[in-house]
Every structure is written in structure tokens, then in C-alpha cells.
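Asker: Take a look at this one; I'll ask things after.
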Amino acid sequence: MTDPLDIVIVGGGTAGWMTAAALAATVAGRQARVRLIESDQIGTVGVGEATLPQMKDFNDFVGIQEADMMKATQATFKLGIEFRDWGFTGSSYIHPFGEFGQPMGGVDFIHQWVRARQAGEAQDIETYSYAIQACRQGRFDFPVDDKQEVNSTYAYAYHLDAGLYARYLRGFAEPKGVERIEGRIVDVERDDETGFVTAVKLESGESVGGDYFIDCSGFNSLLFDKTLGVPFEDWSDWLPCDRAVAVPSERVDPMTPYTRSTALEAGWQWRIPLQHRTGNGYVFCSNYISDAEASSRLLENLDSPALADPRVLRFKAGRRACSWQGNCIAVGLSSGFLEPLESTSIYLIQVAIMALTQLFPGRRPDPALVAEFNRLVDYEYDRVRDFLILHYHLNSRDDSALWRRCREMPVPDSLREKMEMFRRRGFVERYRFGLFAPPSWISVYMGQGLLPEGFEPFARNASLATVTDRMRTLAGNIESRVQAMPRHADFVADYCPADLPEAPA
Amino acid sequence: MSAPIRKVMVVGEGAGAWLSALTLQRSFGKTGVAVELVELPSALRPEDGWATLPSQQAFHNLLGLDETKLLRAASGVYSLGQRFSNWSGPQAAFMHAYDTHGASLNHVSFYQHWLRARASGLKVPLEAFSLGAAAAAQGRFVVFNESTQAFSKATYGYNLSALGFLKAIARVALHLGLKHTAGELASVKHANGRVESVTLRSGETLTADLFVDATGSAARLVRHLEPNDNFESWSRWLPCDRTIVASAPVLDPVPAFNQVSAFRSGWLGIYPLANRTLLRARYASKHTQAEDIVDTVSALSGMRVEGDVFTDEWTTGARRAHWVGNCVAVGDTAARPDPVDATSLHLLQSGLSWLVAMFPVSRTEMPEAAVFNARMLAQTIGVRDFQAAHFKLNRRFGDPMWDDVREQSPPPTLARKLDLFEARGEISMNDDESFQEENWTSILNGHGLVPRQWDPLANAVPEQELIANFQGMLKFIASEVQAMPTLQSHLEFTTPQAESDYIFG
Ligand SMILES: Cc1cc2nc3c(=O)[nH]c(=O)nc-3n(C[C@H](O)[C@H](O)[C@H](O)COP(=O)(O)OP(=O)(O)OC[C@H]3O[C@@H](n4cnc5c(N)ncnc54)[C@H](O)[C@@H]3O)c2cc1C
């Protein structure tokens, strides 16, 4: 066997330690020497994170026990996101991690629903989503495997403290051979000829060399921005929010099995329930509100007393022109940023890590592997972008300049065509790879006021009476099953109770 | 929507015409849409036949057709794959079975482990690890049990006699109430980018809201709606432009695969049927004469040619847009792939499936065309690239046609796949593909494209464990295949060759 590869992970936030854990589970040891550099002087981003159901796949891949991880990260379950005041002030809808209804008469449920609704025979679309009903009642249980059962039609994700998650992964990765190096990187050495990074230099004077450098340095983007100068594609014309102010507050009861996102004049506010506290933040556009105003607005809006002073973070929507160049690979915020509206950051970290393990290089990076990696990562970023733009664009709020601007802005053609096909006939594209599945699109379209005017003509093959009958049965079935689920807080207390935080001194 | 489609008219002949008519009648006949077929004189002869991919099964299900009755009517047989010989050097032959290879190990695909094992001296070919390929080679029909189900995705396409198949389809369509008019097309009236009516030689003029063009290469409807240069030729990559069709005596016992052999200026396919054998040769007229080929067909097949031998012109390529205005081109009218991969009916049926899904909600405007065209473009490119790979990777040095096509640079979508495979043995997949990873792996590997490197993660499995694992798989496959029925006995059991009037399920 050849000498092990030398891999250096630059940064120890969520991205750094997720990468370290994945490498620990696969190559660390005989095939690769993996070292991670982080600096205690530089904070990580960690505000109380909401995630997507795919995170379970990552944890399974790495070999992490769910309940154990949830205890260690003060985690709770997430079945979706409630969007308040997005379509118009006073509105509320839930984007669920689950299906609406079930196919009927050879077409997707949405078509029969539109048809029944036009005949005055359908209830609100939320009635037919198991996940949404569970959210509305604050309940949680694991989905069952039997696909015939209505309580198999959803998935779940987590709310967790990303800082604790990184620490937890460190506890997993270090015993498996990942070496942690404490120190601040002050310089980067490159090969004159190839431009490859050869070593990073620490403040202490120590130099850490390697075959590959994984840039997990967060917004600093130490290698991709500061060293390689990989251009940043700026998407802020479509996604104008460029700041967030975040603050933890006391735990709120009842503990919701969903994230809440409330639209405000200059952006939106998140509320993420954890076991020991609640994560809150206001994502805003600095053209429309000052940091101080945003902070006080956030504090006014809290549902429970704040536990710290608000902290302001700055960012810009977009991504690097590529995420793998030479012997450097960017994972996490160093590769780009899309605001947390649909909890996609950790997911995008996961995408990059899985692509990396699938295309794991030899000593020299093969250009075909690099091209494929970049294609896979770009694809996901682009799709998430369109979905986020939809939330901003599709609104009928008249109370502030931001919302008017977003409603009137030109959106990418791909998105415009999608909206038109949904309006016309309830059509939603089903992707084989990546985000987002049809129920996600359906919930946002309808929740923000875009209702289909038509449906697939094929739907008419089933009689309307049969369809409405089945819809009634389904709704009844969902209602009674959801009633029987445990309360979310009880389920968490039973399954993965975390240690109580120390009382503030 | 205020103005639904009242009438749809299919104009054309052969498979395109009848399958479109049946699909539309079946899907919309009961929803208040009148469906009419204007059948033009058929060019089909008793010798004609088709080899289909496994996707045809789903299509039959959609139409509610009984498979065994249909096979009986078409003198059809199942085919588990295609064996390619003489494409990449005189010794190299391989089976492209409709199945996966082996089982993944440690999150790393089987193929990567096989590459590694081969580098350390393994002599067993890839296809030996495919249950479907083993069954095909031994003339078996795959009947699953619990353990084979978990291991394999083996499935089958069909070989069908054209006239018997279409007679059966016609019977069902007429039984369902399809309106059928036979005649010759005199003229097409069109205005504002739409077809308004067709006039027959008899003087009859027929109108509809939506037209399906199944007139073949002449594209006699849709060509009026678009610029002349809409047909894109693929002859750079798929240079054969003539087809020879002939019959030979039935093979006994019937092989479970098709044989596709390359020769000096083209290829010859041997397709078993229940009562005869279909021979089809393709060649490039630039490089040879029809007469020479007719002689070589019998020499190459080693079979006695019976009855008439026909030569047809068939240039490969596709229309850029399949659906223009209110006219949808399907099958051969829209795209003319090389028949090398049993794709004859594949693009026709995927076009029809999409037409059903995107059937316009309004007769006045049809923006559905954009979605349809995007999907069909992706499907069509997927087929083209797969076929082009056979030609590009040939190693028939010294044969002018093969030398020429080897030198052509592949379409960019194919180049990407070849590059990544050559680098790493992975397949770069899109959302919409006609062939899956296992199909690509089978042919790229089969044609001798050798990856430079395998996934280093495969090295984590100790060699002894890998050897034991491989031996276990081979043993498993051998004993399972032994227990399967022969294709011959399966056919005698399920489709005794007797006349039957209906093919309803
Ligand atoms: C407002 C906001 C809300 C968010 N909400 C969510 C959410 O709900 N869901 C979700 O999935 N994601 C969310 N995210 C994103 C998520 O927090 C991050 O994606 C995640 O924490 C990953 O960050 P990171 O590891 O890339 O960077 P960071 O956490 O910033 O880590 C950077 C690391 O690099 C190190 N470093 C940097 N420079 C140097 C140097 N010179 N020398 C040595 N070390 C260095 C630091 O020490 C640190 O360890 C949110 C982000 C923001 C800004």
C-alpha cells in the first residue's frame, strides 16, 4: 500500500468537524493522516441550527447514535417550518417534511385536491398532511416503515446547537485518529509552479504541510478567498439580506416540533426550539434597517427572556465559482452562503462531504474528479437558491420597501417557468437528485398565495365522488393518528433528555 | 381552465401512430376528449420487428395491457440483455444485461472493489457478478426469491414482431372506442404556428385541437411549424445510415439475450423471436454497398436467411423541439436513434408518458410544450450518448468507418461521462437519464475503457475479506441461476403460441 495521504482541515466549526468525522469513519488511520487546525481565539458560527432530514443519513454514514447525539447537542425534533406573515401579514403555513395526501386515480394528490376544491369539496391542503397536523398539535413520533400507513408519509430533522454538535463530532473523530492542532493560521505557502497549497503557517511559527487542504474556515475563507482568490458569485440582487442579529432566549413551552420563521419589515425572524434554550435571530437587509434597530426589534419580539446580548453577523448571498481548485476543497461557509431560511447550510456541508468521499482523490487531484465535484456542488446551490428566491418573490405585503422590491424583481427564468406551470396546472418537477421535493414547492406556492387554476386532465379518469370520499377518509385517518402521538416535549424528555445547563452565575 | 381540449388527432403510421392512439384513447377517452387516428399507408413488412428496453414493461402497465397475451400476439420473447462482440477488439465480448453488478461493501460500490481486485490479479470478468448476465448467458429467465431480490435488479425487455404487436394494439384501441380513418395525406393547413386541419386524398378535411405527428422522418405536420434546420444530425457519432432487415429460422432453445456484433462497416443484431429470428444490420452507405452487406449478413450470423431482405434509409438524429404549437412529434418523427441498444420504442413511449402527464389544460395556449421539450431533450441526449459510446470506444483499427468515428470528439455530455469514468470508474449522472449507472458501467467497462484509479476508500476492506466476499457472490449466483427455469420453458408455460383475440389485463 502507498503512503497515507496527508489531509489538513482548516477550521473547526460545524463544517470542519463534520468533515473530520466523515474522514475518521472512512480513511483516517491507514489511508490518510487527518489533522484539523482551529483557533480558540476565533469563534465559530453557531446560533441554534435547524437542519434537514438528510442529516440522519450523514449521522448513519458516520456511525453516530441518534439519541446520544441529540442528548449531547440539546437537540429537538423538526417536522417542518412554520412561515408566518410571509404571503401577507397574518398568514401562516407550514412547509412539512412529508407528503400531501397520496396519489389518487393515477395522478399526484395535488391534482385531485385542486379538482375537489373547485367543486367545493376539499378542505385546506394542510388537512391532508400528516406532518403538518403533527406540527399544529405539537406532537412527535418516529415514522413507521410500512408504506401503506399514513404515518409513514413523513421524515424528520433536528434542531440542535451546532457548536455542541461540532464538539460532539470532535469527541468521535479524535479517538479515531484525527489530530487537532490549536492555533491561528497567519500565512499560507504555495508551490510556485502548480499553485497548490503546500503548508499553512501558524502564529506559533509551526508549519503544517499536506497533500490536501480542506477549507472550513467559515466566512474567513482563508484558502478560497484570501489565498486562491476564487471569485465569489454574488446573488444579493435576488437575496438582498446581508446581516443577521442572533440571540438565545429561555426555553419556550410548548416546545414546537418545527422551526418558526416570521417575516418582518426588513427581513425575517427565526425561532428554533432547543432543549435548554431557544435560538432566535433576525435576518435583515442593511439597506432598510440599522443593526441597532434590528437588535431592538428582535428583542421586542422574543417569546421568552433573552439569555445574552444580541450578536450581529454579516454575510452576502452567493457562492464561490468553484469549491475544489487544485488541492483545496471548500466545505461550509468558505464555499458560499445562503441564508438559513430553509435550513440548508449544514445540508450543503453534507453534500460537499459526501461528494468528496465518493470522489476521494489519490495523491494528485484528477481533473475529472474535480470537475464532477464542482458540478455536484453547484447544482445543489443553484436549486436551493431558486427555492429561497421564491419565498421572497411570492408575497403580497405592502408594508415595506423590501417586500415591494422583492415582489417586483425579475427572477431567474427557471423559477418563472416553474411558477407559471404550477399556477396553470399544479405541475411540480420531481428531481432524482437533491433538493427540493414536490411537497416543499407545493407548500410554499400555496402558502404564499399561488393556487393552481387547473390540474392534470388525466385526473378526470377517477370519479369526483370516489376522490372526495378517499380524501375524507384520509383526513379522518390523519386526525385520529395524530391525536394518539405523544407531545413533542414528552417524547424528547423520554428519548434523548439532555443535561440541564448550569444556572447563570 | 375555460377551454379544454375537445379533440386530439394522431396522424401517421406504424408504432408511433398506434401506440399514440391507444395511449391517448386509454388516458383521455373517458374524460370527454375525442381521439382520432388518421392512419397513413403503413411501411411495415412481416419481417420487421423491435427489440425494447425494460422501460416497455412500465408502459404496458400504464396501458393496462397483459404482457403474456401481448407477447403471444407478437411472437415475442423476453430478452435479459444484449451481448456485444467484435466492437472492441476480436476477443472482447461482453453482456450488457439489464441488471446491477455485485453488492456494495463499506459504502463503496461493487465496481470499485472489482477494479481493485482486478489490479491485484483477479481474472473474473465484471459480468460474472451480475445475476442477470449469468442468467442471460445460460438461457434462463430470472424468477426472484427473497435473497436474489435483495442482490439484483435483473429485468427484461422484449423482442416483438412488428405486425403482430400492432395488430394487437389496434384491436385494443378500437375496442376502447378509438375513431380510425385510413387514408393518404393530401395537405396540411396551418396558421399562426398551429396546425388547423389535415386534408386527405379522399377530399375529407379533419380538424382537432391537438395533433400528434407520427408520420416518420418526413415529419409532415410539425415541419410546417418550424424552421427547416430543426433536425440535428448525429451521423458524426452514429455514422450508420442504412438498415437491412431479414429473417432466419427460429433458434431452439431460444437465447435469453440479443447478439450485437460489429463488422467492417457496421453492426449486425440477432434478435430471437418465438417463431423466427429477426436479423438487422446497420451500415454506413459512405463505406460500403448494400449488396455486399446482404451477403455478409448470412455469413456473419451463421444463419440461413429466409424470405425477403429489405434495405431502408435511416439517418440518426433528432428534432430540436418535439412539441411545437399544438403539434407533438413522437417516436421516429421526433428522434431517430441507432437501433443498437434496443431503444426502438423507448423514446416513443417516454414521449407518450410525458404527453399524458403534460396533456394541455387549454386548447388555446400550450406552454406545457416547454416542459415536454426539456424532458424529451434530456431523454434523447441520454440515448444518443449511450449509443455514441459504443461507437466512440471501438477498437476496430483499420476499418475506415470505425477509425473515423473513433476520432470524432464526443458530445460534451458524453465527454463528461467518459472523462469521469476513465479517471475513476464513476458515472456522472443527470436528473433525467434513459440509462442508469449500472448500464453505463456495463458498456464502458465492456468496451475496455479502463479507469486509471479506483476509489481509495475501497482499500479499507482487507484483501482476504474481499476475496471471500467475491467467492461468496459467485457461488450464490451460480446456484441461484441453476435453480431458475430456462427461458424456453418459461415461454412455453406463460405464452403458448395460440391465437387470442384480446390482450386486456
Ligand atoms: C445567521 C446564521 C444562521 C444560521 N442558521 C443555520 C440553520 O438554521 N441551519 C443550518 O444548517 N445552518 C445555519 N447556519 C449556518 C451554520 O451555522 C454554518 O453553516 C455552520 O456552522 C458551518 O460553519 P463553518 O464551519 O463553515 O464556519 P465557522 O463555524 O465559522 O467555523 C470556522 C472555523 O474556522 C476557524 N478559523 C477561521 N479562520 C482561522 C484562522 N485564521 N486560523 C485558524 N482557524 C481559523 C475557526 O476557528 C472556526 O473553527 C447559519 C448561519 C448564520 C450566519
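Asker: I'd like the carbon and sulfur percentage of the solvent accessible area for the protein assembly as shown, probe radius 1.4 Å, heavy atoms only, ligands and nucleic acids excluded.
Answerer: Numbers: 18670 of 38130 Å².
Summing carbon and sulfur atoms, their accessible area is 49 percent of the total for the protein assembly as shown.
Asker: For the protein assembly as shown, take N as its residue count and report Rg(C-alpha) divided by 2.2 N^0.38 Å. Before the final figure, lay out the partial values.
Answerer: Details: Rg = 30.8 Å, N = 1010, 2.2 N^0.38 = 30.5 Å.
Scaled against compact globular proteins, the figure is 1.01.
Asker: Another question, then. Can you compute the radius of gyration and Dmax for the range B:346-505, using only the Cα atoms, both in Å?
Answerer: Computed over the Cα atoms of the range B:346-505, radius of gyration and Dmax are 22.3, 68 Å.
Asker: Given Cα pairs under 8 Å that are at least 6 residues apart, what percent is the relative contact order of chain B?
Answerer: Working: 1031 pairs, mean separation 118.0, N = 505.
Dividing the mean separation by the residue count of chain B yields 23 percent.
Asker: Something else about it: How large is the accessible surface per residue of the range A:1-50, computed with a 1.4 Å probe and reported in Å² as a whole number?
Answerer: 34 Å²
Asker: According to the Cα gyration tensor, what semi-axes, each the square root of 5 times an eigenvalue, does the equivalent ellipsoid of chain A have, listed from largest to smallest in whole Å?
Answerer: On the way: eigenvalues 309, 123, 117 Å².
Each semi-axis is √(5λ); the values are 39, 25, 24 Å.
Asker: Take the alpha-carbon centre of the range B:186-201, take the same for the range A:52-70, and report the distance between them in whole Å.
Answerer: The range B:186-201 and the range A:52-70 have Cα centres separated by 61 Å.
Asker: Could I ask something else about it? I need the calculated FRET efficiency for the pair A:GLN118 and A:GLU479, taking r as the beta carbon distance and R₀ as 30 Å, to the nearest 0.05. Can you show the working numbers first?
Answerer: Numbers: r = 24 Å, r/R0 = 0.80.
That gives a FRET efficiency of 0.80.
Asker: Quote the FRET efficiency, to the nearest 0.05, computed for B:VAL250 versus A:GLN102 with a Förster distance R0 of 45 Å and r equal to the Cβ-Cβ distance. Could you put the intermediate results ahead of the total?
Answerer: Numbers: r = 47 Å, r/R0 = 1.04.
Given R0 = 45 Å and the Cβ-Cβ separation, E is 0.45.
Asker: Separate question: Which shape class, rounded, prolate or oblate, goes with the range A:149-238 when its Cα gyration tensor gives a ≥ b ≥ c as root eigenvalues, a/c under 1.5 marks rounded, and past that a/b bigger than b/c marks prolate? Intermediate values should be presented prior to the final figure.
Answerer: Numbers: a/c = 2.60, a/b = 1.51, b/c = 1.71.
Note, shape of the range A:149-238 comes out oblate.
Asker: Given a 1.4 Å probe and no ligands, DNA or RNA in the count, how much accessible surface is buried by B and A, both sides, to the nearest 100 Å²? List each step's numbers first, then the result.
Answerer: Details: alone 20330 and 21020 Å², together 38130 Å².
Interface between B and A: roughly 3200 Å².
Asker: For the range A:411-453 and the range A:354-403, what is the separation of their C-alpha centers, rounded to whole Å?
Answerer: Using only Cα atoms to place each centre, the spacing works out to 18 Å.
Asker: Using just the helices of the protein assembly as shown, give the 222 nm mean residue ellipticity in deg cm²/dmol: DSSP H runs with n ≥ 4 each add -39,500 (n - 2.57), and the total is spread over all residues, rounded to 500. Each step should come with its number before you reach the end.
Answerer: Numbers: 29 runs with 345 residues, N = 1010.
Helix-only estimate at 222 nm: -10500 deg cm²/dmol.
Asker: If you don't mind, there's one more thing I want to ask. Using a cut-off of 24 Å between alpha-carbon atoms, which lysines can reach A:LYS316, once sequence neighbours fewer than 8 places away in the same chain are excluded?
Answerer: A:LYS226
Asker: In debye, nearest 20: dipole of the range A:243-314 around its Cα centre with unit charges on the Cβ of K, R (+) and D, E (-)? Before the final figure, lay out the partial values.
Answerer: Numbers: 8 positive and 8 negative charges, 53 e Å.
I would put it at about 260 debye.
Asker: To continue, here is another question. Quote the FRET efficiency, to the nearest 0.05, computed for A:ARG430 versus A:GLN41 with a Förster distance R0 of 51 Å and r equal to the Cβ-Cβ distance. Intermediate results must be reported in sequence, preceding the final value.
Answerer: Numbers: r = 47 Å, r/R0 = 0.93.
Computed FRET efficiency for A:ARG430 and A:GLN41 comes out at 0.60.
Asker: Note the per residue figure in Å³ for the convex hull of the C-alpha positions in the range A:216-272.
Answerer: Values: hull volume 8.2 nm³, N = 57.
Hull volume over Cα atoms, normalised by residue count, gives 144 Å³.
Asker: May I ask you to list the lysines whose Cα is less than 19 Å away from that of A:LYS71, ignoring any residue fewer than eight positions away on the same chain?
Answerer: Excluding near neighbours in sequence, the set is A:LYS56.
Asker: Okay, moving on. If you average the sequence gap of Cα pairs under 8 Å that are 6 or more apart and divide by the length of chain A, what percent do you get for the contact order?
Answerer: Working: 1006 pairs, mean separation 114.7, N = 505.
Relative contact order comes out at 23 percent.
Asker: How much accessible area per residue does the range A:169-316 have, counting only protein heavy atoms and a probe of 1.4 Å, in square angstrom? Kindly include the intermediate steps, with their values, before the conclusion.
Answerer: Working: 6350 Å² over 148 residues.
Dividing the accessible area of the range A:169-316 by its residue count gives 43 Å².
Asker: Let me ask something else about it. Kindly express, to the nearest 10 degrees and within the range 0 to 90, the angle between helix A:438-447's C-alpha long axis and the longest C-alpha principal axis of chain A.
Answerer: 60 degrees
Asker: When only alpha-carbon atoms are used, what values of Rg and Dmax, in angstrom, describe the range B:242-313?
Answerer: So, for the range B:242-313, Rg and Dmax equal 11.7, 38 Å respectively.
Asker: Right, another one. May I ask you to compute the full-extension gain from A:ASP6 to A:ARG30, defined as 0.36 nm times their residue separation minus their alpha-carbon distance, rounded to one decimal in nm?
Answerer: Values: separation 24, 0.36 × 24 = 8.64 nm, distance 1.10 nm.
Difference between extended and current length: 7.5 nm.
Asker: Further question on the same structure: Express in whole angstrom the spacing between the alpha-carbon centres of the range B:279-344 and the range A:260-335.
Answerer: Rounded to whole Å, the Cα centres lie 61 Å apart.
Asker: Return the average number of partner chain Cβ atoms within 10 angstrom of each residue Cβ along peptide A:26-32. If you can, show how the numbers build up before the last one.
Answerer: Details: counts 6, 4, 0, 1, 2, 4, 2.
That average works out to 3.
Asker: Give me the percent of DSSP beta bridges within chain B that run antiparallel, rounded to the nearest 5.
Answerer: 70 percent
Asker: Restricting to the protein assembly as shown, compute how many DSSP beta bridges are antiparallel as a %, nearest 5.
Answerer: Around 70 percent antiparallel, to the nearest 5.
Asker: Right, something else. How shielded is A:361-373 by partner chains, expressed as the average number of their Cβ atoms within 10 Å of its Cβ atoms?
Answerer: Values: counts 5, 7, 2, 1, 1, 7, 3, 14, 6, 1, 5, 9, 0.
Averaged over the peptide's residues, the number is 5.
Asker: With labels modelled as points extended 7 Å from the Cα through the Cβ direction, what inter-label distance (nm, one decimal) is found for A:SER286 paired with A:ARG364?
Answerer: My value for the distance between the label points is 4.4 nm.
Asker: Return P(r) of the range A:243-314 (all Cα-Cα pairs; 10 Å bins starting at 0; whole %; ordered from short to long distances).
Answerer: Here the calculated profile for the range A:243-314 is 23, 55, 21, 2.
Asker: How far apart, in nanometres, would the label points at B:ALA468 and A:SER296 be if each is projected 7 angstrom from Cα along the Cα-to-Cβ direction?
Answerer: 7.2 nm
Asker: Rounded, prolate or oblate: which one fits chain B, using the alpha carbon gyration tensor with axes a ≥ b ≥ c (rounded when a/c is under 1.5, else prolate when a/b beats b/c, else oblate)? Mind showing how you got there, number by number?
Answerer: Details: a/c = 1.63, a/b = 1.57, b/c = 1.04.
Prolate, since a/c reaches 1.5 and a/b exceeds b/c.
Asker: Which entries of B:LYS30/B:LYS179; B:LYS392/B:LYS417; B:LYS7/B:LYS179; B:LYS153/B:LYS475; A:LYS418/B:LYS153 have Cα-Cα distances beyond 22 Å here? The partial results should precede the final answer.
Answerer: Details: B:LYS30/B:LYS179 13 Å; B:LYS392/B:LYS417 13 Å; B:LYS7/B:LYS179 11 Å; B:LYS153/B:LYS475 18 Å; A:LYS418/B:LYS153 34 Å.
The answer is A:LYS418/B:LYS153.
Asker: Only four residue types carry charge here, +1 at the Cβ of Lys and Arg and -1 at the Cβ of Asp and Glu. Report the dipole size of chain A about the Cα centre in Debye, rounded to the nearest 20. Can you show the working numbers first?
Answerer: Values: 52 positive and 69 negative charges, 190 e Å.
Rounded to the nearest 20 debye, it is 920 debye.
The values are calculated or read from the model by the stated rules, or taken from the named source; none is laboratory data. Quantities reported herein were computed from a predicted structural model and do not represent experimental measurements. Please note: Cβ atoms are built from the backbone with ideal geometry, for glycine as well, and neighbour counts cover all protein chains shown. Side chains are part of the model used for accessible areas, which takes the heavy atoms of the whole protein and leaves out ligands, DNA and RNA. Shrake-Rupley method; radii C 1.70, N 1.55, O 1.52, S 1.80 Å.
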